[in-house]
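Derivation of every value follows stated rules applied to the coordinates shown; laboratory data play no part. What you see is a predicted model, and the numbers here were worked out from it, not measured in a lab. Cβ coordinates were reconstructed from backbone atoms using ideal geometry, including for glycine residues, and neighbour counts include every protein chain displayed.
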Amino acid sequence: MKASFFTILPREDHILILDQRLLPGKKHYLRVRTYRDAHDAIRDMAVRGAPAIGVTAAFGLWLAARAARTKDRRTYKAELERAGRYLVSSRPTAHNLPWAIRRMLRVAKAEQSSPLSITERLYTEALHIFHEDIEANKRMGDLGAKLIPDGATVLTHCNAGTLATAGYGTALGVLRSAKSAGKRLKVFVDETRPFLQGARLTAWELNEDGFDVTLITDSMAGWMMKQDLIDACIVGADRIALNGDVANKIGTYSVAVLARVHSIPFYVAAPSSTFDAGISSGRDIVIEERAHKEVITLSDRVIAPAGIKVRNPAFDVTPATYITAIITEKGIIHAPYARAIRGLLKQTT
Ligand code: MRU
């Protein structure tokens, strides 16, 4: 299965990003030349999905380094720190973003050479983050595929595919690996209101890959489960706390509760870069609140009365107790998650 598109493509002095806001209608690549471009691409959702955001931010820091490489060492390092803070401020929930920036800044701090050669080293590090993400997804795919029975119909929410990562996908990577292993699968895709990542992105990329895809609105998931049409649920994650609570796209919590009520396994697939060792539970996860316009419009048409009160949290937190297993590149973990997650984060490879 070779994708007919790429999410992020590193070039010599910039990166190309597929503008996901225009999908599925148009494949247009944005040229990201500065760290400010990278920040805006993340903030404005041209690139989205936790791992893809992290990779974009890593290259964003390299672009900041390129712009500052002729300055003296102190100014150079101060500018990197400032650019790092600015990139991290683009969106608050995905852990992969601060994780990638911390990793890049650690490299910059450890290097004693000239700004010019640190900049080269930062490009190599961003490339490592990019390739490691694809490798992690393939590994998760191989491990997770075993959980998906032949002939299963699997429900997914939001987009945790190639478009959300450097390539292959987390939750959709598991489905890709299961399909490659010869399993016959059907995939039900929640449309994922209000930004429609399911309808616009997941349905599109799975369809391109020849999957048997059925699109449903979010409110239909429970009824599909009630009729025994769903055998498993699988989603990605934006941030996972030490106790296994998972922040993911708004609506994930509802799917998990419904899955529990109907005795359907609910799986999360996420690389170790999504785990936040600094928070003990999901209560500490900052949930992004997005523009009200996303809720009161549909294809730019206003669908609600003028002046109506609106809420638009972009993510929710699924308590660990609803999660059957978390698939990572380092292994599949089950409850009790706290011990398993600590062990996982200690492993180096
Ligand atoms: O707002 P988005 O589109 O960035 O939200 C994305 C999700 O919630 C994904 O499920 C998550 O980032 C995992 S992607 C592998």
Practice task
Convert each backbone phi in the range 146-153 into a coupling constant with the Karplus relation 6.51 cos²θ - 1.76 cosθ + 1.60 (shift: θ = phi - 60°), then list the ³J(HN,Hα) values in order as whole Hz, x for Gly and Pro.
Solution key: 5, 7, 9, x, 4, x, 6, 10
Completion exercise
In the range 1-70, the trypsin sites (Lys or Arg not before Pro) that sit in a DSSP loop and have at most 16 other Cβ atoms within 10 Å of their own Cβ are LYS2, ARG11, LYS26, LYS27, ARG33
Practice task
With runs of 4+ DSSP H residues as the only contributors, calculate the mean residue ellipticity of the chain at 222 nm using -39,500 (n - 2.57) per run, divided by the residue total and rounded to the nearest 500.
Solution key: -12000 deg cm²/dmol
Exercise for the section: Quick one: check the C-alpha center-to-center distance for the range 48-119 versus the range 195-258, whole angstrom. Expected result: 33 Å
Handout entry: Lys, Arg +1 and Asp, Glu -1 on Cβ, resulting dipole of the chain about Cα centre, debye, nearest 20
Key = 700 debye
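Can you give the % of DSSP beta bridges in the range 206-349 that are antiparallel, to the nearest 5?
Beta bridges within the range 206-349, antiparallel portion: roughly 65 percent.
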Fill in the blank from the handout: With +1 on the Cβ of every Lys and Arg and -1 on the Cβ of every Asp and Glu, the dipole magnitude of the range 1-92 about its Cα centre, in debye rounded to the nearest 20, is 60 debye
Completion exercise
For the chain, percent of DSSP beta bridges that are antiparallel (nearest 5) comes out at 50 percent
Problem - Whole-angstrom gap from the range 124-148 to the range 285-323, using each part's C-alpha centre - result: 30 Å
Completion exercise
Karplus ³J(HN,Hα) for the range 256-269 (6.51 cos²θ - 1.76 cosθ + 1.60, θ = phi - 60°; Hz, whole; x = Gly/Pro) runs 5, 5, 4, 4, 4, 4, 9, 6, 10, x, 10, 10, 10, 10
Completion exercise
Interchain or sequence-distant (5+) residues whose placed amide H lies within less than 5 Å of the amide H of ASP212 are VAL187
Completion exercise
Helix 50-68 sits off the longest principal axis of the Cα atoms of the chain, rounded to the nearest 10 on a 0 to 90 degree scale, by 10 degrees
Fill in the blank from the handout: Taking Cα pairs closer than 8 Å and at least 6 residues apart, the relative contact order of the range 8-137 in percent is 24 percent
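Could you list MET45, MET220, MET140, MET225 so that the one with the fewest beta carbons within 10 Å of its beta carbon is first and the one with the most is last?
Ordered from fewest to most neighbouring Cβ atoms within 10 Å, MET45, MET220, MET140, MET225 come out as MET220, MET45, MET225, MET140.
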Fill in the blank from the handout: The aspartates and glutamates whose Cα lies under 16 Å from the Cα of LYS26, excluding any fewer than 8 residues away in the same chain, are GLU205, GLU208
Practice task
Show me 157-169, 273-285 ranked by packing, highest mean number of other Cβ atoms within 10 Å first.
Solution key: 157-169, 273-285
Exercise for the section: Determine, for ARG73, ARG103, the number of other Cβ atoms within 10 Å of each Cβ, and report the residues in order from fewest to most. Expected result: ARG73, ARG103
Fill in the blank from the handout: Going residue by residue through the range 291-296, the Karplus relation 6.51 cos²θ - 1.76 cosθ + 1.60 with θ = phi - 60° gives ³J(HN,Hα) values, rounded to whole Hz and with x marking Gly or Pro, of 4, 5, 3, 4, 8, 8
Handout entry: Highest-first arrangement of 296-306, 323-333, where packing means the average Cβ count within 10 Å
Key = 323-333, 296-306
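How would TRP223, TRP204 line up from fewest to most surrounding beta-carbon atoms within 10 angstrom? Spell out each step's value before the answer.
Working: TRP223 11, TRP204 21.
The fewest-first ordering by Cβ neighbours comes to TRP223, TRP204.
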Problem - 19 Å Cα-Cα reach of LYS138 towards lysines, excluding residues that sit fewer than 8 places from it in its own chain - result: LYS2, LYS146, LYS179, LYS183, LYS330
Fill in the blank from the handout: Connecting every pair of Cα atoms under 10 Å apart in the chain and solving the GNM, the largest mean-square fluctuation among LEU172, LEU87, LEU30 falls on LEU30
Problem - Principal-axis tilt of helix 96-110 within the chain, Cα atoms, nearest 10 degrees - result: 20 degrees
Fill in the blank from the handout: A student applying the Cα gyration tensor rule (rounded when a/c is under 1.5; otherwise prolate if a/b is larger than b/c, oblate if not) would label the range 149-348 oblate
Problem - Size of electric dipole in the range 183-255: Cβ of Lys, Arg +1 and of Asp, Glu -1, about Cα centre, debye, nearest 20 - result: 80 debye
Completion exercise
Given Cβ charges of +1 for Lys and Arg and -1 for Asp and Glu, the option among LEU298, PHE188, THR153 whose Cα lies farthest towards the positive end of the dipole of the chain is LEU298
Completion exercise
Amide H contacts under 5 Å for GLY251, restricted to residues at least 5 apart in sequence or on another chain and with H modeled in the peptide plane, are ASP316
